[in-house]
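S.K.: This is the structure I want to talk about, given as structure tokens.
The values are calculated or read from the model by the stated rules, or taken from the named source; none is laboratory data. If you're wondering where the values come from, they're calculated on a predicted model, not measured in any experiment. Virtual Cβ from ideal backbone geometry, glycine too; neighbours counted across all protein chains shown.
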Amino acid sequence: MEQYEKIKDWLGSGSINIFGLPFAGKDTLAHNLARVLNASVVSGGDILRSHKDQATIKKLMETGELFPTDYYLEIILPYISKPVFAGKPLILSSVGRWSGEEATILRACHQANHPIRAVIHLRVDVERVWQRFEISQTKQDRSHRHDDAARILEIRLKEYAEKTLPVLDFYRQKNLLIEIDGHKIIKDTTDNAIRQLWRSFGIK
């Protein structure tokens with residue numbers, strides 16, 4: 001599809017960072033965009049869960065709070081500079097969720113030759129988050145993640161409001177942010193993201 005090819009040219013080896021509430025569908029959208037744009041997915045959560053220091057990771061995840069910035073960046077930033085990603089675009093899923101990390105993430109991505117070209121806010125309401133949480137608990141489809149418990153989800157929602165929404169404001173002021181309705185089925189959400197990228201960044 002010509003539109004996809006032109007977006008690939010515009011993106012180059014750059015990156016698109018996706019944010020949203022828990023259960024918004026960030027990783028699913030990231031993998032769909034990666035497929036159509038021939039990109040690699042870098043999920044902040046997956047990187048943390050695969051890190052060698054799992055005792056510390058588990059302890060921090062079970063608090064429901066965001067990771068200390070220095071510790072988070074110590075893990076994340078070398079990852080995006082891996083040779084396997086060289087010359088390829090990246091779809092980032094919630095990389096740099098804490099207010100104060102965004103400027104460092106921008107700089108690191110630029111230095112790694114994956115400059116952030118766009119930031120997607122995948123919007124869902126809190127009621128939908130809880131609906132999806134209940135469905136996930138029934139299906140047990142998230143591999144027993146440390147942070148999947150009702151009491152922790154409450155904390156994560158509070159953390160998002162207090163620490164991640166300011167990050168979105170930062171990217172909005174940089175004219176990098178686009179808003180996508182996350183209540184639709186994933187195909188419609190992906191198509192909408194492509195259309196919004198096309199329109200918002202004047203891709204020709």
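S.K.: What pairs come out if I take residues in region 96-111 that are in contact (Cβ under 8 Å) with a residue 40 or more places away in the chain and pair them with residues that are part of a helix (DSSP H, G or I) and of a type in the set (S, T, N, Q) whose C-beta lies under 9 Å away, six or more apart or interchain?
M.R.: Taking only residues 6 or more apart or on different chains, the pairs are Gly96/Thr104; Arg97/Thr164; Trp98/Thr69; Trp98/Thr164; Ser99/Thr164; Glu101/Thr69.
S.K.: Sticking with this one: Hey, could you check region 20-60 for residues that are in a helix (DSSP H, G or I) and of a type in the set (S, T, N, Q) and say which is modelled with the highest pLDDT?
M.R.: Looking at residues that are in a helix (DSSP H, G or I) and of a type in the set (S, T, N, Q), I get Asn32.
S.K.: Residues of region 61-81 being part of a helix (DSSP H, G or I) and either surrounded by 19 or more Cβ atoms within 10 Å (Cβ to Cβ) or in contact (Cβ under 8 Å) with a residue 24 or more places away in the chain (or both), which ones?
M.R.: Residues satisfying the conditions are Met61, Thr69, Tyr72, Leu73, Ile75, Ile76, Leu77, Tyr79, Ile80.
S.K.: Considering Lys187, Lys158, Lys163, which residue is over 29 Å from Pro68 (Cα atoms) and of a type in the set (Lys, Arg)?
M.R.: Lys187 is the lone residue from the list that is over 29 Å from Pro68 (Cα atoms) and of a type in the set (Lys, Arg).
S.K.: Something else now. What tally of residues in region 192-204 results from selecting those that are without any contact (Cβ under 8 Å) to a residue 60 or more places away in the chain and loosely packed, with under 14 Cβ neighbours inside 10 Å?
M.R.: Of the residues in region 192-204, 3 are without any contact (Cβ under 8 Å) to a residue 60 or more places away in the chain and loosely packed, with under 14 Cβ neighbours inside 10 Å.
S.K.: Which residue is farthest from Ala24 (Cα to Cα), if the candidates are limited to region 167-204 and must be assigned to a loop (DSSP other than H, G, I, E, B) and small (Gly, Ala, Ser)?
M.R.: To start, the set of residues in region 167-204 that are assigned to a loop (DSSP other than H, G, I, E, B) comprises 174-176, 182-185, 201-204.
Next cut, small (Gly, Ala, Ser) only: 182, 202.
Working: Gly182: 6, Gly202: 27 Å.
By that ranking, first place goes to Gly202.
S.K.: Quick one: which of Leu157, Leu92 is under 21 Å from Ile180 (Cα atoms) and in contact with a Leu (Cβ under 8 Å, 6 or more places away or on another chain)?
M.R.: Unique residue meeting the criteria: Leu157.
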